[in-house]
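Structure record follows, encoded as structure tokens.
The values are calculated or read from the model by the stated rules, or taken from the named source; none is laboratory data. None of these values were measured; they are calculated from a predicted model. Positions of Cβ are backbone-derived with ideal geometry, glycine not excepted, and every protein chain shown enters the neighbour counts. Accessible surface is based on the protein model in full, side chains and every heavy atom, while ligands, DNA and RNA are left aside. Shrake-Rupley method; radii C 1.70, N 1.55, O 1.52, S 1.80 Å.
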Amino acid sequence: MTAPSLTRPTSPWVVLTSRNDPWVSAETTALHDEHGLVFRLHSRDLLEPASLFRTFARELSFPGFFGHNWDALVDCLHDWHGPGHGEGKAVAILIEDADALLGSEFLGLLVSVLCQAAWKANLQLDADGVPHGEKLPFPLHFVLLLNYTPSAVFAEAVSKGRYVHATLRDGRLTATLSSDYWADADPVVGPPDQHSD
């Protein structure tokens, strides 16, 4: 299995890894080389749902009708209206100091929501697996950058997300959606260090 990619429309949708992981630098460089977009959020602004919704809305230029709830977050992330809207540019959202999210009660839900948004953006399929047709797919991925906590410590909390399939490989915890519920979800499989559903 190859390493995750921020430039291709393939899973995994969410990666938790060390901020010093050379993969992060290589992938963000590749994304910039392809004129993709990298946004950096800080975990201190994401510790409560209300501030999380405000931060995503502000930093990613969500439209004014954003409903400040989990479903609206999925909708506004996959129906991108920010810079590069309609151009099919790859988008990576990096969350700095993500160690702080380990204690949050909604970490599994957040990862599930991010996976759902990325699945919809990358494949432009609706919840029934039917192509939207009128929307241009674009690679959308999320990276949670850890300062001191090994990504394996997050496995249990991440796996509590609805439909989330988590795998630990090469020191990275990756998350995608279970194909049981999401057509072409492309769960990450292979000989993992640790695997959980």
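A single entry from Leu123, Leu168, Leu101 fulfils the requirement of being modelled with pLDDT of 90 or more, among the hydrophobic types (A, V, I, L, M, F, W, C) and touching an Asp or Glu at 6+ places or on another chain (Cβ under 7 Å): Leu168. You will find that of Ala57, Ala3, Ala100, Ala26, the residue that is farther than 23 Å from Pro150 by Cα and either among the small types (Gly, Ala, Ser) or touching a Ser or Thr at 6+ places or on another chain (Cβ under 6 Å) (or both) is Ala57 and no other. One residue stands out in the range 2-31 among those that are open to solvent by 10 Å² or more (accessible area, probe 1.4 Å) and small (Gly, Ala, Ser): the one that is farthest from Ala155 (Cα to Cα), namely Ala30. Taking the range 160-180 as the range and being closer than 21 Å to Ser104 by Cα and open to solvent by 60 Å² or more (accessible area, probe 1.4 Å) as the test, the residues that pass are Lys160, Arg162.
Kindly list, by first and then second residue, each pair from a residue in the range 43-65 that is within 15 Å of Leu107 (Cβ to Cβ) to a residue that is not in a helix (DSSP H, G or I), limited to pairs with Cβ atoms under 6 Å and residues at least 6 apart or on different chains. Partner pairs satisfying both residue conditions: Ser43/Ile95; Ser43/Asp97; Leu52/Leu46. Summed over the range 142-158, residues that are open to solvent by less than 20 Å² (accessible area, probe 1.4 Å) and either modelled with pLDDT under 85 or within 15 Å of Ser112 (Cβ to Cβ) (or both) total 5.
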